[in-house]
Amino acid sequence: MTQRTATQEEAYLAASESFESNGASHDPAWARELRKDALDRFRELGFPTARRGNEEWKYTDVMPIARVPVRLGAADAAATVDAESVAQASLGAAQWPQLVFVNGRYSEALSSVDALPEGVTTVSLAEAMRSTPDLVQPHLARFAGYADNAFTALNTAFLHDGAFVHVARGLRVDDPIRLLFLSTGDGEETVAQPRVLIVAGEESSASVLEAYAGLSEGDHLTNAVTEIVVGAAARLDYYKVQRQPEQAYHVTNTHVAVERDSRFSSVNIDMGGRLTRNNLNLVTLDQDCSCYLTGFYMVTGRQHVDNQVIIDHAKPYTTSRELYKGILDGRSRSVFHGSIIVREGAVKVNANQVDKNLLLSDQAEADTKPAFWIYCDDVKCGHGAACGHMDPTALFYLRSRGLDERTARGLLTRAFLSEVIEGIANETLRGQIDGLVADTLREWLGDVG
């Protein structure tokens, strides 16, 4: 452990003392005990480094994250954010319900949830722990274990504010529920530890959009943990979109549990941040459930994005599909590690995973490692990975049809992500994401058609 890392870890331990005495002390006793246990575990683990034998962090150096000063967001930070800024950072339609958080703290004034039907609970996690503990306590920190994950332990040690979404049994919610996390610090470094808990009741249907954006420059650190429980015969579409500033650090740990006959889909999009690390873990709790995990990332300059995806087929007759794609320019780097686990006795599992990367620069680098851990016969599993430059034959074909090279490259690059974008079920969101991709490629390459 370097001296600097040790100092930062001590700073977090010291910050937890003032955190406990500044509002969080009113949380239920079980929540305070949970924080204490997680803080003790973070003290033991420390920040993960390759020197400490953390294979899963082999290609991602967390020292830049550890160097961010421990400055928790001010309680009144939302007062500096106006409705216009929220509208510019938001995705989706204006009438969709939205909870807004500034530096990890909930802002009721900036949020709008009046349009939600009866049976949907969308409140700050702090309020939910006090008012509906019977809905929160059985799920909170149940799947997002912090015994071996320092960032999850750190988030849990500061567990207080965040989002709680609960959809009652049999309820169908047509419009996506939006959770918007904004970072702002007037050029100063801030650390946010948002927590999200989403529970879809049996036979319900809903979609949730979790978005991250920044309103100012600075070495912002967002260390988020999201737990999702999909009840029996329920359907949940989950979207996560990260568009933070170039100086931001972004770490997320997302844990999903799916029950019998349920269907879960996720789309993870990264288009910002200096260093991004996403851990997505899904476990099947019963048979006849399915999951579809897709995503894409676009990085340039010296941006670094790391996706670690684990699907645990713990029960038989379950299905998973996984497709991630990346576009890398400049001296950027991507890391993808996908693991599919088939437990003993989990027969008739059908699983497939694919990661593909398009390199627009000779200096860009993509490391991809798909893996299977199969402890059962009678399964159907497959995986694939590819990294390479643009197909010269396809480029020649477009140029032979009268397109200049810049336009042809733009069209092929945009088409590379179309498979993921077309999988976004909501038409409004699909159009907006497609527009963001086009705008980004226009900045990189010029006109993309």
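Tabulated data
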quantity: At R0 = 35 Å, FRET efficiency that the Cβ-Cβ distance of residue 80 and residue 18 yields, to 0.05; calculated: 0.95
quantity: Accessible surface of the chain [probe 1.4 Å, protein heavy atoms]: carbon and sulfur percent; calculated: 46
quantity: Where only C-alpha atoms are counted, convex hull volume of the chain per residue in Å³; calculated: 140
quantity: Mean Cα-pair separation over length for the chain, i.e. relative contact order, pairs under 8 Å, 6 or more apart, %; calculated: 9
quantity: Bridge type composition, the chain - antiparallel percent by DSSP, nearest 5; calculated: 5
quantity: Too-long pairs where the Cα-Cα distance tops 27 Å, listed order kept, from 240/348; 58/315; 240/356; 58/240; 36/240; 58/356; calculated: 240/348; 58/315; 36/240
quantity: For residue 148, solvent-accessible area (1.4 Å; no DNA, RNA or ligand), Å²; calculated: 130
quantity: The range 371-384 - phi-based ³J(HN,Hα) in whole Hz, Karplus 6.51/-1.76/1.60, Gly and Pro as x; calculated: 8, 10, 10, 10, 10, 8, 8, 6, 10, 10, 9, x, 8, x
quantity: ³J(HN,Hα) computed for each position of the range 362-368 - Karplus, 6.51 cos²θ - 1.76 cosθ + 1.60, integer Hz, glycine/proline x; calculated: 6, 8, 6, 9, 10, 10, 10
quantity: Nitroxide proxy distance, nm - points 7 Å out along Cα→Cβ at residue 142 and residue 118; calculated: 2.7
quantity: Förster radius 51 Å - calculated FRET efficiency between residue 344 and residue 216 (Cβ-Cβ, nearest 0.05); calculated: 0.50
quantity: Rounded to whole Hz, the Karplus (6.51, -1.76, 1.60) HN-Hα couplings of the range 344-359, x for glycine and proline; calculated: 4, x, 8, 6, 6, 6, 10, 9, 8, 9, 9, 10, 10, 10, 10, 9
quantity: Selection from 208, 184, 234 lying farthest towards where the dipole of the range 9-286 points positive, charges on Cβ; calculated: 234
quantity: Gain upon complete extension [residue 422, residue 132; 0.36 nm per residue less C-alpha separation]; calculated: 100.6 nm
quantity: Surface accessible to a 1.4 Å probe, per residue, for the residues of the range 391-449, Å²; calculated: 56
quantity: Residues of the range 9-286: accessible area per residue with a 1.4 Å probe, Å²; calculated: 37
quantity: Residue-averaged 222 nm ellipticity for the chain, from DSSP H runs of 4+ at -39500 (n - 2.57), nearest 500; calculated: -7000 deg cm²/dmol
quantity: Compactness relative to 2.2 N^0.38 Å, alpha carbon Rg of the range 362-449; calculated: 1.44
quantity: Ranked by how many other beta carbons lie within 10 Å on average, peptides 55-62, 296-303 from highest; calculated: 296-303, 55-62
quantity: Part-to-part distance (alpha-carbon centres) for the range 73-119 and the range 252-314, which is given in Å; calculated: 25
quantity: Inter-label distance, nm, simple model (7 Å from Cα along the C-beta direction), residue 396/residue 376; calculated: 4.9
quantity: Residue 351 long-range amide H proximity, modeled H, under 5 Å; calculated: 320, 380, 381, 382
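The values are calculated or read from the model by the stated rules, or taken from the named source; none is laboratory data. Computed from a predicted model, the values in this text were never measured in an experiment. Counting neighbours? That spans all protein chains shown, and the Cβs are built from the backbone with ideal geometry, glycine included. Please note that ligands, DNA and RNA were not included when accessible areas were found on the heavy atoms of the full protein model with its side chains. Shrake-Rupley method; radii C 1.70, N 1.55, O 1.52, S 1.80 Å.
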